[in-house]
Amino acid sequence: MGTLRYDGESYELDDRLLFHMQIAISTKLRRGENFFLTWPVPAELGSGRHTVWVDNGVPLHIFFSGSKVPTLNKDWIEAMIQTASRASGMIVMEESEIRPNPGR
């Protein structure tokens, strides 16, 4: 489990998920696009969800507990980026929730 630190708060998330979130978030911020970021809280941690406003003015720190870089799933990243254009913002989803893009 890695850690996402944002605006003084820390959130534990899976390293593989964090890796894909990092790429999706950085893509949006490089474009100058601010957005809400929402992810679920597992049942074992009480359920619910977190939502934060992401913009270039707030420091973001991602700590990976493992040393190996996960394999990249472009469809997963693209799915998260596409949700960010909605008013509700980027929805972090599990890799198993996306459908592969046959055009890739």
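Nothing in this text is a laboratory measurement; each read-out follows from the coordinates by a stated rule. Only a predicted model underlies this, so the values are computations on that prediction, with no experimental measurement involved. Methodologically, a virtual Cβ is constructed for each residue, glycine included, from the backbone with ideal geometry; neighbour enumeration extends over all protein chains shown.
Proximity of backbone amide H atoms, modeled 1.01 Å from N, is registered between Val54 and Phe35, Phe36, Leu37 at under 5 Å, excluding neighbours fewer than 5 places apart on the same chain. Taking all Cα-Cα distances within segment 1-53, those exceeding 12 Å account for 70%.
Judged by the mean number of other Cβ atoms found within 10 Å, the most tightly packed of the peptides 16-24, 84-92 leads the ranking 16-24, 84-92.
Using C-alpha pairs under 8 Å with a sequence gap of at least 6, the mean separation divided by the residue count of segment 2-97 gives a relative contact order of 36 percent. The per residue volume of the convex hull around the alpha-carbon atoms of the chain is 113 Å³.
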